[in-house]
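Take a look at the structure set out below.
We did not get these values from a lab; they are worked out from the coordinates using the rules stated. Keep in mind it's a predicted model, so treat the numbers as computed, not measured. Positions of Cβ are generated from backbone atoms using ideal geometry, with glycine treated the same way; all protein chains shown enter the neighbour counts.
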Amino acid sequence: MKKINLGNGEVPCLAVGCMRMNALKPAEAAKFVSYAVENGANFFDHADIYPGSQPYGVCESIFAAALADAGIKRDAVVIQSKCGIVPGVMYDFSLRHILDSVDGILERLKTDYLDLLLLHRPDALAEPEEIAAAFDWLKSSGKVRQFGVSNHTPYQIELLKKHVKPRIVVNQLQLSITNASMISQSMHMNTLGNDAVSRDLGILDYCRLHDITIQPWSPFQYGFFEGVFLGSPKFPELNRVIDGIAAKYNVSNTAIAVAWLIRHPAKFQPIIGSMNTARFGECLAGTEITLTREEWYAIHAAAGYSLL
Ligand SMILES: NC(=O)c1ccc[n+]([C@@H]2O[C@H](COP(=O)([O-])OP(=O)(O)OC[C@H]3O[C@@H](n4cnc5c(N)ncnc54)[C@H](OP(=O)(O)O)[C@@H]3O)[C@@H](O)[C@H]2O)c1
C-alpha cells in the first residue's frame, strides 16, 4: 500500500470508512478488518454518530469487537473519530460536549487513546477558545494524539488556528469524480461559466498550503448519498471513459475511480466506505495505477467539468 504524509507520520493512501460497518455481522466485521490490515489499510475512520441513524455509535462498538476477534493489537491500527454533531438537533463544539464525546468514543472503541479526533461539521455557535481548551486537555491527558476538522472552510480553520495549539492536520471533505468542484473551480479564474462559481472557497489550495491532508468522503457517490456513479445510467459518458481506461489497465471501474483521486498532487487520502473485501481489493488495485495526464483530464471532462 502506498503511503502519504499526514501530520506527524506516514499513513496508508486509503483509509477505511466505518460508517457502514453495522451492515456486517460480527464474524464478517472481523474478517473485513483482518483483510484490510493484512493489506496495509490499517487506518480506520469513525464518528460518534455512525451509522448516522439509531442506534448511534454502534459502528465504533462493532469495530472494537472485530479488532478483538481478529486478534489485532491497538498499536497495529490508526484510529480516527469525529464528534460535534447531535443528529437532527444541533452542532455542538462546546468544551463539555467535546470532552464527553471523546470519553464515549474511547469507551465504545475500547481504547484509551485516539490517533486523531476531527470536528465533524462546523458549529455556528462554536467558541474557538473552548475548542482550544478541549484540545489542550485531550492532548495533555493523552486521550487524543492529533487533531483535524471535517467540512470546514479555509477561514473557519484560520479562526481555529488563532486559538488552538495543536496543528490541524486533516480536513475531511466530500470529494469524488462527480463532486469535484473544489478541483474544477481552481481552473476557472476569470471565466464566466458555472465552473467558476466558488462553492469551496479555495479549500483545496488552502489545505495544500498548510499541509492539511484532504480526506475525500463518499468517493464513489454522486450528490449527497444519492447513489454510486459507477455503472449508473445517469453518467453514460463518464462510465464510457472510465470503463475504457479500466480495460486498458485490466482493473475494475472502482479501481480507476480510486486512481483518479490519488493521482492528484495534493495526495488525498480517500475514505473508502465499502465493507466488501472483493470491492476493497479493487480499491487497493487502484492505488497501484498512475493515470496519465490525458486519462485524468478525460475522466474529469467526462464528469461534465469544463476544460474551456
Ligand atoms: N465527514 C463527513 O461528513 C462524512 C460523511 C459521510 C461519510 N464519511 C466517511 O466516508 C466514508 C465513506 O463514505 P461512503 O460509504 O458514503 O462512501 P463510498 O465509498 O462512496 O460508498 C460506499 C458504498 O457504495 C457501495 N458501492 C456500490 N458499488 C460500488 C462500487 N462500484 N465501488 C465502490 N462502492 C460501491 C458500497 O457497497 P459495498 O459495501 O457492497 O461495497 C458501499 O455501500 C464513510 O464510511 C465515513 O467514514 C464522512
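Radius of gyration (Cα atoms) of the range 1-106, expressed as a multiple of 2.2 N^0.38 Å: 1.11. Over the Cα atoms of the range 196-308, the radius of gyration divided by the Kirkwood radius equals 0.95; this is the Rg/Rh ratio.
Could you state the per residue volume, in Å³, of the convex hull enclosing the Cα atoms of the range 212-277?
Details: hull volume 6.9 nm³, N = 66.
Considering the Cα atoms of the range 212-277, their hull volume per residue is 105 Å³.
Apply the Karplus curve 6.51 cos²θ - 1.76 cosθ + 1.60, θ = phi - 60°, to the phi angles in the range 236-253 and return the couplings in whole Hz, x for Gly and Pro. Karplus values, whole Hz, x for Gly and Pro: x, 5, 4, 5, 4, 5, 4, 4, x, 5, 4, 5, 4, 8, 6, 10, 7, 4. Taking 12 Å as the cut-off, the amide N atoms of the range 128-144 that come nearer than this to a point 7 Å along the Cα-to-beta-carbon line of R74 belong to 142-144.
Measuring between alpha carbons in the structure, the pairs from K82/K110; K31/K267; K165/K267; K2/K139; K73/K110 lying more than 23 angstrom apart are K31/K267; K165/K267; K2/K139.
At a threshold of 8 angstrom on Cα-Cα distance, excluding pairs fewer than six apart, so keeping six or more, what relative contact order does the range 1-156 reach in percent? Display every interim value, and only then the final one.
Working: 269 pairs, mean separation 30.0, N = 156.
Rounded, it is 19 percent for the range 1-156.
Relative contact order of the chain, taken over Cα pairs closer than 8 Å and 6 or more residues apart, is 17 percent. To check you understand DSSP bridge types, tell me what percent of the beta bridges within the chain (both residues inside) are antiparallel, rounded to 5. Of those bridges, close to 25 percent are antiparallel.
Using the Cα centre of the chain as the reference point, and only Cβ charges (+1 on K/R, -1 on D/E), how large is the resulting charge dipole? Debye, rounded to the nearest 20. Mind showing how you got there, number by number?
Working: 28 positive and 31 negative charges, 85 e Å.
Its charge dipole is roughly 400 debye.
Using the empirical formula 2.2 N^0.38 Å as the baseline, the Cα radius of gyration of the range 58-177 reaches a ratio of 1.07. In this entry, the chain is assigned a mean projected area of 15.5 nm², taken as a quarter of its C-alpha convex hull surface. Counting only DSSP H runs of at least 4 residues, each contributing -39500 (n - 2.57), and dividing by the residue count of the chain, the helix-based mean residue ellipticity at 222 nm comes to -12000 deg cm²/dmol.
Comparing L117, L14, L160 in a Gaussian network model of the chain, where Cα atoms under 10 Å apart are tied by springs, the biggest mean-square fluctuation is seen for L160.
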